[in-house]
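Enquirer: I am attaching a structure below and will ask some questions about it afterwards.
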Amino acid sequence: MKDFDTSNSLFILKEQQMEQFKQLEHFDYFFHLIRHDFAHLSFARYSVKDVWMYFYFEEEPVINSEHALIFLLRNFILNEVLISPKLKRLKKVTVGSFTNALMASVMTINLYLDYLREVLGMLPEDQYDLYMKFENSSKQLFNDRFYEYEHYPRKLVQIETIIIKRLRQHLEDNPVKYNDCQQKVIRFMDQYSIIKRELYEPLSLKK
């Protein structure tokens, strides 16, 4: 499946990390929890996996600086997660757990997708259509075969830069709402962890 291609990761993965990353393919049902209007986009699915790497590992892998410059919007969202002390608290229940890390990742990405939906709605139709057509194709468009035109997909980069600028401004202009949304993710994961323990931890048999 192309959406589980490790070569598109924002991180530089070691062999063991690559194998763990590939295991996400067996948990595909979590990706159906992505906001329905974004669920078909590779960008959204890869964003969940980017954040999963952060939540799953005690120390997240090194970021691939080349890919960070190619997948601009994914990198912006990942950085928002990395700098959030609130979301870092989730690592108490996600480190080493495939499912906890995945659930936290989906909930976190949905938070940003809700804001992104508003930003995309402000784009002119031609810019919106172009971005949706090439939403996670930046790496392919940086290929040598396009160099006779330009060294990078200028129009796509310009649109993505506009999106990031407006998304950043949107988050900065609504700090209370942004904080509340992060708190909702934390509360959800608290409840999720409690329910998971109640349902799946072995019963303690009294003598």
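Enquirer: Can you find a residue that is among the β-branched types (Val, Ile, Thr), free of Cβ contacts under 8 Å to residues at least 12 places away in the same chain and within 22 Å of ILE164 (Cβ to Cβ) anywhere in segment 60-71?
Expert: Checked against the condition, which is being among the β-branched types (Val, Ile, Thr), free of Cβ contacts under 8 Å to residues at least 12 places away in the same chain and within 22 Å of ILE164 (Cβ to Cβ), segment 60-71 yields no hits at all.
Enquirer: Go through segment 89-112 residue by residue and tally those that are open to solvent by 30 Å² or more (accessible area, probe 1.4 Å) and outside any helix (DSSP H, G or I).
Expert: 3
Enquirer: Yes or no: ASP144 open to solvent by 60 Å² or more (accessible area, probe 1.4 Å), of a type in the set (Asp, Glu), modelled with pLDDT of 90 or more and more than 21 Å from the chain's Cα centre (by Cα)?
Expert: No; evaluated as a whole, the condition is false for this residue.
Enquirer: State which residue is nearest to MET103 (Cα to Cα) when the search covers only segment 35-53 and only residues that are open to solvent by less than 80 Å² (accessible area, probe 1.4 Å) and over 10 Å from the mean Cα position of the chain (by Cα).
Expert: So, considering only residues that are open to solvent by less than 80 Å² (accessible area, probe 1.4 Å) and over 10 Å from the mean Cα position of the chain (by Cα), the one nearest to MET103 (Cα to Cα) is ALA39.
Enquirer: Mind listing just one residue for me: the one in segment 1-34 that is surrounded by 17 or more Cβ atoms within 10 Å (Cβ to Cβ) and part of a loop (DSSP other than H, G, I, E, B) and, of those, modelled with the highest pLDDT?
Expert: The extreme case among them is ILE34.
Enquirer: Which residue out of LEU69, LEU78 is surrounded by fewer than 15 Cβ atoms within 10 Å (Cβ to Cβ), in a helix (DSSP H, G or I) and among the aliphatic types (A, V, I, L, M)?
Expert: Of LEU69, LEU78, the one residue that is surrounded by fewer than 15 Cβ atoms within 10 Å (Cβ to Cβ), in a helix (DSSP H, G or I) and among the aliphatic types (A, V, I, L, M) is LEU69.
Enquirer: Mind checking whether some residue in segment 147-165 is in a helix (DSSP H, G or I), at pLDDT below 90 and either open to solvent by less than 40 Å² (accessible area, probe 1.4 Å) or among the small types (Gly, Ala, Ser) (or both)?
Expert: Within segment 147-165 (the criterion being in a helix (DSSP H, G or I), at pLDDT below 90 and either open to solvent by less than 40 Å² (accessible area, probe 1.4 Å) or among the small types (Gly, Ala, Ser) (or both)), the answer is yes, since at least one residue qualifies.
Enquirer: Suppose we filter segment 59-90 for residues that are over 13 Å from VAL185 (Cβ atoms) and of a type in the set (Lys, Arg); how many remain?
Expert: Residues flagged as over 13 Å from VAL185 (Cβ atoms) and of a type in the set (Lys, Arg) within segment 59-90 amount to 1.
The values are calculated or read from the model by the stated rules, or taken from the named source; none is laboratory data. Keep in mind that what you see is a predicted model, and the values were worked out from it rather than measured. Ideal geometry is used to build each Cβ from the backbone, glycine not excepted, and the neighbour counts take in all protein chains shown. These accessible areas exclude ligands, DNA and RNA; they are computed on the full protein's heavy atoms, side chains included. Shrake-Rupley method; radii C 1.70, N 1.55, O 1.52, S 1.80 Å.
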